[in-house]
Amino acid sequence: MSNEYEDVSPDGTQILVHQREKDFVLATGEEQHIEAISDHIARHLGPIATVLHEIISDLVHIDVHVVPPNDHCPHVRLVTSGMSDLPMTVPAELDADVPRYMELMVTLPADWPISQEAFEDERNYWPVRLLKGMARLPHEYDTWLGFGHTIPNGHPSEPYAPGVGFDGAIVLPPVTAPDDFAALELDDGKTISFMSLVPLYPEEMDLKLKKGAEALLDRFDAKKIQDVIEPGRTNVARKRFGLF
């Protein structure tokens, strides 16, 4: 295994430090799966404007499908394909219903710059980098992602880009998407779960590790924060005097 147990957070969650031990493995992607995922995205979220293709892929071929704002949703959606080409390494003792196959989504404001030129600025590109990194992570380190998992940006964690306050992310259901978007059953019987990545401030990450995901989500609900990435949004773990 290429995971090492480092510690247990106050809420009882095991904290893992990942150390990759695998060599580079060229991946080309499953054409059939890409088509099925693309159809699923278009059916439930809206027409796909473009696909950000990987030129050279390691372990899994991660493409990012871009759905612009439409009549059903005022936001930009970025959704991966390729993460589900391989199963995640889910501990045997966990329930059989825990997803083994997953794709990830981020939801951005309608005016988020989406172009090759814009992506030369990390302040515009970081959500794409986050998606790709998280989609590859389970396969790099023989681990898994699931509801409420939090992933820091490095060890120690750093902001995703200059001027960005977020330095980690939590895996949550795609709450602003139609219910039927959450799962796709392929012809071969494999079921793919779709989850959202929501970036967190350092204090929010600390709150989750100390008091659990439900405590953080209660704060999100109170401030009406969903899965849309809003730069400079309210930090739900910061109070006027101290934290929590």
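Show the residue pairs meeting these rules: Cβ distance below 7 Å; 6+ apart or different chains; first residue within the range 115-129 and modelled with pLDDT under 95; second residue of a type in the set (A, V, I, L, M) and open to solvent by less than 100 Å² (accessible area, probe 1.4 Å). No pair meets every condition.
Yes/no matrix, rows are residues, columns are (1) exposed (fewer than 15 other Cβ atoms within 10 Å of the Cβ); (2) touching a residue at least 12 places away in the same chain (Cβ under 8 Å); (3) under 17 Å from D167 (Cα atoms); (4) polar (S, T, N, Q):
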| residue | (1), (2), (3), (4) |
| --- | --- |
| T191 | yes, yes, no, yes |
| M195 | no, yes, no, no |
| M205 | no, yes, yes, no |
| K224 | yes, no, no, no |
| N235 | no, yes, yes, yes |
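When each of L184, L137 is tested for being more than 25 Å from T234 (Cβ to Cβ), open to solvent by 10 Å² or more (accessible area, probe 1.4 Å), part of a strand (DSSP E or B) and aliphatic (A, V, I, L, M), the lone residue that passes is L184.
Taking the criterion of being assigned to a loop (DSSP other than H, G, I, E, B) and at pLDDT 90 or above, would at least one residue in the range 30-45 satisfy it? Within the range 30-45 (the criterion being assigned to a loop (DSSP other than H, G, I, E, B) and at pLDDT 90 or above), the answer is yes, since at least one residue qualifies. Just one of the listed residues (D180, D187, D167, D142) is in contact with an Asp or Glu (Cβ under 8 Å, 6 or more places away or on another chain) and among the charged types (D, E, K, R), namely D167.
Within the range 83-122, the only residue that satisfies the criterion of being farther than 18 Å from L59 by Cα, part of a loop (DSSP other than H, G, I, E, B) and under 16 Å from the mean Cα position of the chain (by Cα) is P99. One residue is enough: does the range 145-158 have a residue meeting the conditions open to solvent by less than 40 Å² (accessible area, probe 1.4 Å), in contact with a strand residue (DSSP E or B) (Cβ under 7 Å, 6 or more places away or on another chain), outside any helix (DSSP H, G or I) and farther than 20 Å from L217 by Cβ? No, there is no match, as no residue in the range 145-158 is open to solvent by less than 40 Å² (accessible area, probe 1.4 Å), in contact with a strand residue (DSSP E or B) (Cβ under 7 Å, 6 or more places away or on another chain), outside any helix (DSSP H, G or I) and farther than 20 Å from L217 by Cβ. In the set P87, P69, only one residue is touching a residue at least 24 places away in the same chain (Cβ under 8 Å) and surrounded by fewer than 19 Cβ atoms within 10 Å (Cβ to Cβ); that residue is P69. Kindly indicate whether G165 is in a loop (DSSP other than H, G, I, E, B), more than 10 Å from the chain's Cα centre (by Cα) and touching a residue at least 40 places away in the same chain (Cβ under 8 Å). Criteria met by G165.
Please work out if R219 is open to solvent by less than 60 Å² (accessible area, probe 1.4 Å), modelled with pLDDT of 95 or more, in a loop (DSSP other than H, G, I, E, B) and of a type in the set (D, E, K, R). So R219 fails the test.
Can you spot a residue in the range 67-74 that is touching a helix residue (DSSP H, G or I) at 6+ places or on another chain (Cβ under 8 Å) and outside any loop (DSSP other than H, G, I, E, B)? Within the range 67-74, one or more residues are touching a helix residue (DSSP H, G or I) at 6+ places or on another chain (Cβ under 8 Å) and outside any loop (DSSP other than H, G, I, E, B). If the condition is being in contact with a strand residue (DSSP E or B) (Cβ under 9 Å, 6 or more places away or on another chain) and either without any contact (Cβ under 8 Å) to a residue 24 or more places away in the chain or among the charged types (D, E, K, R) (or both), then the range 169-189 contributes A182, A183, E185.
The values are calculated or read from the model by the stated rules, or taken from the named source; none is laboratory data. Everything quoted here is computed from the prediction, not taken from an experiment. Positions of Cβ are backbone-derived with ideal geometry, glycine not excepted, and every protein chain shown enters the neighbour counts. What goes into the accessible areas is simple: the full protein's heavy atoms, side chains included, and nothing from ligands, DNA or RNA. Shrake-Rupley method; radii C 1.70, N 1.55, O 1.52, S 1.80 Å.
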